[in-house]
Amino acid sequence: MTGVTRGIEEGATETREDGTRVLHYLLRFPQPVENVWAAVATSEGLGGWLAAAEAFEPRLGGAVTLRGIGSGRITAWDVERIAEYTVEGRGRIRFHLEPTRPSGTTVRFTHESPRDEDPGWHQRFEHLSAYVEGTP
């Protein structure tokens, strides 16, 4: 582990035999699951902290286009539990939400990418934290 700030814990990074880089983060929010879900699994929420969702079909197999990141499909979808986006050239981005007591949320985040570069997730999660804190 490389560090914990503002409920953001960076986990191990691994590189698979095929060269895929896998990043893990554990994110903790005092807000309930429905607030965090709205931030990571709606076009409005994603636009508030990550990128404008120019196409967003909230269902398994639905289209997703994130401005400046790329286009792809929703490859896993379980309302208020799992949102996973596979974006062409950027890999698989997965948010797995779990309720914590008394009313918080833990997000297990995974990014599998063919690129060997830091996509800046820690800074993006700082924006996500601020966004979730500011939502009613």
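Taking strands (runs of 3 or more DSSP E) that fall entirely within region 15-112, which contain at least 2 residues that are open to solvent by 30 Å² or more (accessible area, probe 1.4 Å), more than 18 Å from G134 (Cβ to Cβ) and among the hydroxyl-bearing types (S, T, Y)?
The qualifying strands (runs of 3 or more DSSP E) are 70-78.
Of all the numbered requirements in (1) part of a strand (DSSP E or B); (2) closer than 27 Å to Q31 by Cα; (3) of a type in the set (S, T, Y), S129 misses one, and that requirement is (1).
Just checking, how many residues over region 113-125 are part of a helix (DSSP H, G or I) and open to solvent by 50 Å² or more (accessible area, probe 1.4 Å)? Selection size over region 113-125: 3.
All conditions but one from (1) at pLDDT 95 or above; (2) under 14 Å from the mean Cα position of the chain (by Cα) apply to G61; the one that does not is (2).
Table: residues versus (1) touching a strand residue (DSSP E or B) at 6+ places or on another chain (Cβ under 8 Å); (2) free of Cβ contacts under 8 Å to residues at least 40 places away in the same chain.
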{"residue": "T65", "(1), (2)": "yes, yes"}
{"residue": "D78", "(1), (2)": "no, yes"}
{"residue": "R92", "(1), (2)": "yes, yes"}
{"residue": "H96", "(1), (2)": "yes, yes"}
{"residue": "T100", "(1), (2)": "yes, no"}
{"residue": "G104", "(1), (2)": "yes, no"}
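The values are calculated or read from the model by the stated rules, or taken from the named source; none is laboratory data. Because the structure is predicted, anything quoted here is derived from the model rather than measured. Here Cβ is always computed from backbone atoms with ideal geometry, including for glycine, and neighbour counts include all displayed protein chains. Side chains included, ligands, DNA and RNA excluded: accessible areas come from the protein's heavy atoms. Shrake-Rupley method; radii C 1.70, N 1.55, O 1.52, S 1.80 Å.
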